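The values are calculated or read from the model by the stated rules, or taken from the named source; none is laboratory data. Bear in mind the structure is a predicted one, so any value in this text is a computation, not a measurement. A quick note on method: Cβ atoms are made from the backbone with ideal geometry, for glycine too, and the neighbour counts reach across all protein chains shown.
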Amino acid sequence: MKTVILAGGFGTRISEESVNRPKPMIEIGGMPILWHIMKIYSSYGFHDFVICAGYRQYMIKKWFADYFFHQSDVTFDYTNGRSDILVHGGQLEPWRVTVVDTGLHTQTGGRLKRIRPYLNEETFMMTYGDAVGDVDIPAVIAHHRKKGRLATMSMYNFSQNKGVVEAGKDGLIHAFREKSDLDGDLINIGFMVLEPQALDLIEGDETAFERGPLQKMAEMGQLAGYIHRGYWQCMDTLREKQQIEALWGAGNAPWKLWT
């Protein structure tokens, strides 16, 4: 089963890092967050990826073209009047990666529509190129198959991180208590499973997948939800990037499902 990763946006909320590179190429522990996301899927045996690129898409292509160099020691030998390159050791991932330029200003739905020819009209997975989590991918797939709908979307309880005030309709505060998982809202975190027919609901480049097709599928009763109860974190801001980086640096990264 192929995994599609949306990696084409401008990343304006983290412009300190994205001004010179695509947001998915921002590094966590010396490797792009895109690599971390792919490692999550690969740890479950899913190695076939389609990357929906856009903003500075050539940087993503070049990074994969030079991937072996990122993982190895290299000798550049010019002594014989030639440019010989000798790679020492290193480890390649068992990946097949298709990077598609889906346009600079294309919306998320439009990007998915553009890569449809690479999906072979088969069930596929999709997620965003700026968030990591210890999502049980096989469980999401099993839930999708059990429900038999066009799409399954993973959700996360984005709970409060402060104490909660309980107030009544009379305008009086009746109690203070610690936060609970029930205090948060379930949000879309990607890690979706989709049938190819779901892409029929995308009109064109201007279609945002979240505001159009997903809503239509919900109205049709064709959108299943899988609640993820572990760790998940997006990287919308520099502060969130630093939080993810700190976990990795401390050797306490919950999304590191590989050895």
Condition first: crowded, with 18+ Cβ neighbours inside 10 Å and within 19 Å of TYR231 (Cβ to Cβ). Now tell me which residues in the range 126-136 satisfy that. THR127, TYR128, GLY129, ASP130, ALA131, VAL132, GLY133, VAL135, ASP136
Note on PRO94: of the conditions (1) assigned to a loop (DSSP other than H, G, I, E, B); (2) surrounded by 12 or more Cβ atoms within 10 Å (Cβ to Cβ), unmet is (2)
GLY225 passes all but one of the listed conditions (1) more than 24 Å from THR12 (Cα to Cα); (2) at pLDDT below 95; (3) in contact with a helix residue (DSSP H, G or I) (Cβ under 7 Å, 6 or more places away or on another chain); (4) not polar (S, T, N, Q); the exception is number (3)
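Based on this model, can you work out whether LEU104 counts as of a type in the set (A, V, I, L, M), surrounded by fewer than 20 Cβ atoms within 10 Å (Cβ to Cβ) and under 22 Å from ALA208 (Cα atoms)? Give the derivation first.
Numbers: of a type in the set (A, V, I, L, M): yes; surrounded by fewer than 20 Cβ atoms within 10 Å (Cβ to Cβ): yes; under 22 Å from ALA208 (Cα atoms): yes.
So LEU104 passes the test.
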Answer residue from the range 188-207, given it is at pLDDT 95 or above and aliphatic (A, V, I, L, M) and is surrounded by the most Cβ atoms within 10 Å (Cβ to Cβ) among those: VAL193
Taking GLN215 as the residue in question, decide whether it is modelled with pLDDT of 95 or more and either more than 27 Å from LEU119 (Cα to Cα) or surrounded by fewer than 18 Cβ atoms within 10 Å (Cβ to Cβ) (or both). no
Across the range 46-91, what is the total count of residues that are out of contact with any strand residue (DSSP E or B) (no Cβ under 7 Å at 6 or more places or on another chain), exposed (fewer than 14 other Cβ atoms within 10 Å of the Cβ) and aliphatic (A, V, I, L, M)? 1
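In the range 36-53, is there at least one residue being more than 26 Å from ILE115 (Cα to Cα) and in a strand (DSSP E or B)?
In the first step, residues of the range 36-53 are kept if they are more than 26 Å from ILE115 (Cα to Cα); the result is none.
No, that holds for no residue.
Considering only residues of the range 24-35 that are assigned to a helix (DSSP H, G or I) and free of Cβ contacts under 8 Å to residues at least 40 places away in the same chain, which is nearest to the chain's Cα centre (by Cα)?
Looking at the filtered set, the residue picked out is TRP35.
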In the set VAL165, VAL97, the lone residue that is modelled with pLDDT of 95 or more and in contact with a Phe, Trp or Tyr (Cβ under 9 Å, 6 or more places away or on another chain) is VAL97
So which of VAL87, VAL100 ends up being part of a strand (DSSP E or B) and free of Cβ contacts under 8 Å to residues at least 24 places away in the same chain? VAL87
Among strands (runs of 3 or more DSSP E) entirely inside the range 180-256, those with 3 or more residues being without any contact (Cβ under 8 Å) to a residue 60 or more places away in the chain and touching a Gly at 6+ places or on another chain (Cβ under 9 Å) are none
Determine the pairs where a residue that is touching a residue at least 12 places away in the same chain (Cβ under 8 Å), located within the range 126-144, has a partner that is charged (D, E, K, R) with Cβ atoms under 8 Å apart, the partner being 6 or more residues away or on another chain. GLY129/LYS23; ASP130/LYS23; ASP130/ASP236
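Among the basic types (Lys, Arg) and more than 17 Å from the chain's Cα centre (by Cα): which single residue out of ARG21, ARG13, ARG116 fits that description? Full working, then the answer.
On the way: ARG21 fails: more than 17 Å from the chain's Cα centre (by Cα); ARG13 fails: more than 17 Å from the chain's Cα centre (by Cα).
That would be ARG116, the only listed residue that is among the basic types (Lys, Arg) and more than 17 Å from the chain's Cα centre (by Cα).
Does PHE68 qualify as being over 23 Å from GLN233 (Cβ atoms), assigned to a helix (DSSP H, G or I) and touching a Phe, Trp or Tyr at 6+ places or on another chain (Cβ under 9 Å)?
no
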